[in-house]
Each structure stands twice: as structure tokens, then as C-alpha cells.
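Presented below is the structure to which this report refers.
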Amino acid sequence: MVKHLQVDREEKYEIVEKWFLKDLEMIDGKEADTDNPYFDMHFHKVYNLEAYSCASKYTFARTLNKLNETYLKKDLKIVNFDDTYLNDDSIWSSNNRDCLVLMRICFYASNLLCLSLCPLS
């Protein structure tokens, strides 16, 4: 866990706490249907955390999940996250996953445009 400090015009980051991935039991996104940066990490105790944004929360969860799959291969519970944005094999995944919501909106908008231009028989 990193604490952000701003002293005068200088920004600093201080490591407050460290954990091992093998000790992580669960990540709880709290609410999958709302755009919030808050989540809980369950170790031997529960830590309430806040990401910089909802997109960074999902990026963090994807990264932990990928690290777990690559190195530990244990059953890591990720709850209260939208699965569409967590899986790499999703239709919405891209190299820059922070714009997934915008891509989804554009996809639906283009479909609506195409449908509105189709003549009715």
C-alpha cells in the first residue's frame, strides 16, 4: 500500500504496508454496478482501500488475477466486479483497458445508428 504525499510542490510516495500475493484470500469490489474506486482486500484481516479511479481498480484486479494465474495458480476469489472487464478473452478487452467503457458506448451507438438507417419493410 502506497501513501501519496505532497510537500510544497513536490509529490512523494511512501510505502506504508506490503503483503504477499499468496496470502490474499479475496478481492471485493463492493459494488459491480456502480462506478466507484473503493474495494476491500482480504488477508488475515480486511483492508478497505481506494484506487485512483474505477478504471485503475479494475486494472489492479486484472493484474493481481494474472499474477495469480501465472505464478500461484490458486483459487483467488474476485467478487463484486463486472466479469466483462476482468477477463482478457472478453470482447471488450484491449491493450488500453482504461477506455473499455467508452468502447462499449461507441459500439452500442454505432449499432443504433446502423439500425436507424435500415429501411423498414
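Structure summary
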{"read-out": "Using θ = phi - 60° and Karplus 6.51 cos²θ - 1.76 cosθ + 1.60, couplings along the range 2-15 (whole Hz; Gly, Pro as x)", "value": "10, 9, 8, 10, 10, 10, 6, 9, 9, 9, 9, 10, 10, 6"}
{"read-out": "Cα→Cβ-extended label distance, 7 Å offset, between TYR52 and LEU113, nm", "value": "3.1"}
{"read-out": "VAL79 paired with THR63, simple spin-label distance in nm, labels 7 Å along Cα-to-beta-carbon", "value": "2.5"}
{"read-out": "Rounded accessible area of LEU5 (nearest 10 Å², 1.4 Å probe)", "value": "50"}
{"read-out": "Most mobile listed residue (TYR58, TYR108, TYR47) in the chain, GNM with C-alpha springs under 10 Å", "value": "TYR108"}
{"read-out": "The chain - percent of accessible surface contributed by carbon and sulfur, probe 1.4 Å", "value": "55"}
{"read-out": "Rg [Å, one decimal], Dmax [Å, integer] - the chain, C-alpha atoms", "value": "18.5, 68"}
{"read-out": "Degrees between helix 54-67 axis and first principal axis of the chain (Cα, 0 to 90, nearest 10)", "value": "70"}
{"read-out": "Entries of LYS3/LYS45; LYS12/LYS73; LYS18/LYS57 with Cα pairs more than 25 Å apart", "value": "LYS12/LYS73"}
{"read-out": "Added length on full extension, which subtracts the Cα-Cα distance from 0.36 nm per residue, ASP8 to ASP40", "value": "8.4 nm"}
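The values are calculated or read from the model by the stated rules, or taken from the named source; none is laboratory data. Quick caveat, the model's predicted, so the values are computed rather than measured. FYI the Cβ positions are ideal-geometry reconstructions off the backbone, even for glycines, and counts take in every protein chain you see. Keep in mind that these areas ignore ligands, DNA and RNA; they rest on the heavy atoms of the full protein, side chains included. Shrake-Rupley method; radii C 1.70, N 1.55, O 1.52, S 1.80 Å.
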